[in-house]
Each structure stands twice: as structure tokens, then as C-alpha cells.
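The block underneath contains the structure these notes are about, expressed in C-alpha cells.
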Amino acid sequence: MDKINPKDYNKYVQEKIPKPSYLKNCLWAFFVGGLICTFGQFVINFYKSLGLDKEGVSTATAITLVFLGAFFTGLGLYDKLGKRAGAGSIVPITGFANSIVSPAMEFKREGFIFGVAARMFTIAGPVLVYGFGSSVIVGLIYYLIKK
């Protein structure tokens, strides 16, 4: 068996590595990220038109965008968008929802209890799960005390 010269091998590897189109990738990321943020602005305007105060609008918008990001991840559409848009799809708040839901969806074959629910603690990270859970509990307590 012939030994390959390291220089020839490195040259061969450099020829075979796909060359990304940085300009095209940046434009897609900018376009898709901008569309997501523009949609977020429409959501903000919608909640403002309902008469919510600034804090209510912010909360409702965040909840809506996280829900939509998780929903489209569950349908498998957000990952397709991410392949095309790259960072444009992961930077907005919808990308956060995608990063939480996407790994859990890999375990859905194991069932919702032993697959998705059990893996949420190892995949999403105990800090996130604890943070979400405690914020819901504190929010409910605050709501009940305020009434």
C-alpha cells in the first residue's frame, strides 16, 4: 500500500471541502431574521390594538412567538427554515423555542412520558426547566395574592 504524502492529502482535502457562499448565507439570514422580527412587530401591534399595557404586550408577544417557534418545530417546519436561513432563524426568540423543543422531539418515539417529558430535563437543561417551572409557580402565586 502506498503512503500518501501529507501535502498532497491536505491539497486533496482542501479541494473537496465545500465552499460556502458567505454573501448568500448572510443575505438569507438577514432576510429571514428580519421577517421573523417583522412578524413579531405585527404581533406587538395586534396586542396593542387589544388595549394591553406595555408589560402585557411584551408578555403576550413573547408567549406567542415562543409558542409558534415550538409549534413549527413540532411540525418539522422550523428545522427546514433553519437549514436555509441559518443564524437568521436562531437569533430571534423563536430560535430559543426551537432549541428547546427540537431535541425533545427526537425522543418522541419513546412516548410522551418516557421520551419527550423525561428527556426535557436532560436535553433542555435543568436550569431552563427549573427557571420555567419556578416562574410559572411564582406567577400563579402573584396572581392569586393580587386578586
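Values quoted throughout were computed directly from the atomic coordinates according to the rules given, and no laboratory measurement underlies them. Because the structure is predicted, anything quoted here is derived from the model rather than measured. When we count neighbours, we look across all protein chains shown, and the Cβ atoms used for this are built from the backbone with ideal geometry, even at glycine.
Quick one: count up the residues across segment 45-72 that are among the polar types (S, T, N, Q) and not in a helix (DSSP H, G or I).
First, pick out the residues of segment 45-72 that are among the polar types (S, T, N, Q): 45, 49, 58-59, 61, 64.
If we keep only those that are not in a helix (DSSP H, G or I) too, we end up with none.
Number satisfying all stated conditions: 0.
Hey, can you tell me all the residues within segment 48-98 that are over 15 Å from residue 36 (Cβ atoms) and of a type in the set (A, V, I, L, M, F, W, C)?
Matches in segment 48-98: 50, 52, 57, 60, 63, 75.
Quick one: how many residues across segment 6-33 are closer than 30 Å to residue 69 by Cβ, aliphatic (A, V, I, L, M) and loosely packed, with under 10 Cβ neighbours inside 10 Å? Talk me through it step by step, then tell me what you get.
Initial filter on segment 6-33 (closer than 30 Å to residue 69 by Cβ): 18, 20-33.
Okay, now just the ones that are also aliphatic (A, V, I, L, M), so 23, 27, 29, 32.
Imposing the further condition that a residue be loosely packed, with under 10 Cβ neighbours inside 10 Å reduces the set to 23.
Within segment 6-33, residues that are closer than 30 Å to residue 69 by Cβ, aliphatic (A, V, I, L, M) and loosely packed, with under 10 Cβ neighbours inside 10 Å number 1.
Check residue 38 against each of (1) under 13 Å from residue 93 (Cα atoms); (2) surrounded by 11 or more Cβ atoms within 10 Å (Cβ to Cβ) and name the one condition it does not meet.
Here residue 38 clears every test but (2).
Would you pick out the residues in segment 20-63 that are touching a Phe, Trp or Tyr at 6+ places or on another chain (Cβ under 8 Å) and within 27 Å of residue 83 (Cβ to Cβ)? Step through it out loud before you land on a result.
Residues of segment 20-63 touching a Phe, Trp or Tyr at 6+ places or on another chain (Cβ under 8 Å): 56-57, 60-61.
Passing the criteria: only 61.
Would you mention how many residues in segment 53-94 are more than 30 Å from residue 23 (Cβ to Cβ) and not hydrophobic (A, V, I, L, M, F, W, C)? Full working, then the answer.
As a first pass, look at segment 53-94 and keep what is more than 30 Å from residue 23 (Cβ to Cβ): 53-64, 66-67, 70-71, 74-75.
Next cut, not hydrophobic (A, V, I, L, M, F, W, C) only: 53-56, 58-59, 61, 64, 74.
The total comes to 9.
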